[in-house]
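Reviewing the structure listed below.
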Amino acid sequence: MQNKFTGLLVFLFIVLLISFLGFLATTISVDNWYAELKKPDWTPSNWIFAPVWIVLYIMIALSGWLVWVQVGGDLDSTPMRVYALQLFCNAIWPWLFFAMHNTVIAFIDVSALLILIMVNMAVFWRYSPLASLLLFPYLIWTAFAMSINFVIALYDIFEGSLQ
């Protein structure tokens, strides 16, 4: 039982570290560059992103941990590899978008992330339906964020909003 609890803490730490690193990338330009961008009308206020992502990151950590327990702690298993890959895409998006101001590459990344979340859910379902379902809100929020990123990237390409 001790090992499972320690594992949960490690999953929470890793996912919340990714959240913190994303926060660092976001704060670089959220109040200046991002504030000046032309965004779609459905873009929510900035204050909503942090609480939503904190809840989602906790659910992502729990999901990964549940499957990690089911695979006997094997981090080299297919489910854990898929999980790590989607976390990597998640971790680099704020750096591509907010730090590098590359809305097009960020859109490509978030598109890959969306696909990887679906693959992750499918792979996790075999081990833990609950773990798979815990990723569903993450899938929906990522699709929503992807739609915002898409429109911003289009504005960027066709109207030169980054100049």
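The values are calculated or read from the model by the stated rules, or taken from the named source; none is laboratory data. On a predicted model such as this, the values are computed, not experimentally measured, just so you know. A quick note on method: Cβ atoms are made from the backbone with ideal geometry, for glycine too, and the neighbour counts reach across all protein chains shown.
Hey, could you check the range 70-102 for residues that are polar (S, T, N, Q) and more than 16 Å from the chain's Cα centre (by Cα) and say which is surrounded by the fewest Cβ atoms within 10 Å (Cβ to Cβ)? Explain how you work it out, then say what you get.
Restricting attention to the range 70-102, the residues satisfying the condition of being polar (S, T, N, Q) are 70, 77-78, 86, 90, 102.
Next, only the ones that are more than 16 Å from the chain's Cα centre (by Cα) stay: 70, 77-78, 102.
Values: Gln70: 16, Ser77: 17, Thr78: 12, Asn102: 17.
Within the range 70-102, the match that is surrounded by the fewest Cβ atoms within 10 Å (Cβ to Cβ) is Thr78.
Would a scan of the range 56-65 turn up a residue that is of a type in the set (A, V, I, L, M, F, W, C) and surrounded by fewer than 17 Cβ atoms within 10 Å (Cβ to Cβ)? Yes, the conditions are met somewhere in the range 56-65.
Has the range 4-26 got any residue that is part of a loop (DSSP other than H, G, I, E, B), out of contact with any strand residue (DSSP E or B) (no Cβ under 6 Å at 6 or more places or on another chain) and among the small types (Gly, Ala, Ser)? No, there is no match, as no residue in the range 4-26 is part of a loop (DSSP other than H, G, I, E, B), out of contact with any strand residue (DSSP E or B) (no Cβ under 6 Å at 6 or more places or on another chain) and among the small types (Gly, Ala, Ser).
Conditions (1) β-branched (Val, Ile, Thr); (2) more than 25 Å from Ile28 (Cβ to Cβ), marked per residue:
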residue: Trp93; (1), (2): no, no
residue: Phe98; (1), (2): no, no
residue: Val104; (1), (2): yes, no
residue: Ile108; (1), (2): yes, no
residue: Ser111; (1), (2): no, no
residue: Leu114; (1), (2): no, no
residue: Asn120; (1), (2): no, yes
residue: Val123; (1), (2): yes, yes
residue: Tyr155; (1), (2): no, no
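Can you say whether Leu130 is farther than 22 Å from Asp31 by Cβ and surrounded by fewer than 17 Cβ atoms within 10 Å (Cβ to Cβ), as far as the supplied structure shows? It is true that Leu130 is farther than 22 Å from Asp31 by Cβ and surrounded by fewer than 17 Cβ atoms within 10 Å (Cβ to Cβ). A single member of Tyr127, Tyr155 is hydroxyl-bearing (Ser, Thr, Tyr) and at pLDDT below 95, and it is Tyr155. With Ala153, Ala145 as the choices, which residue is assigned to a helix (DSSP H, G or I), touching a Ser or Thr at 6+ places or on another chain (Cβ under 6 Å) and surrounded by 19 or more Cβ atoms within 10 Å (Cβ to Cβ)? Every option except Ala153 fails the conditions.
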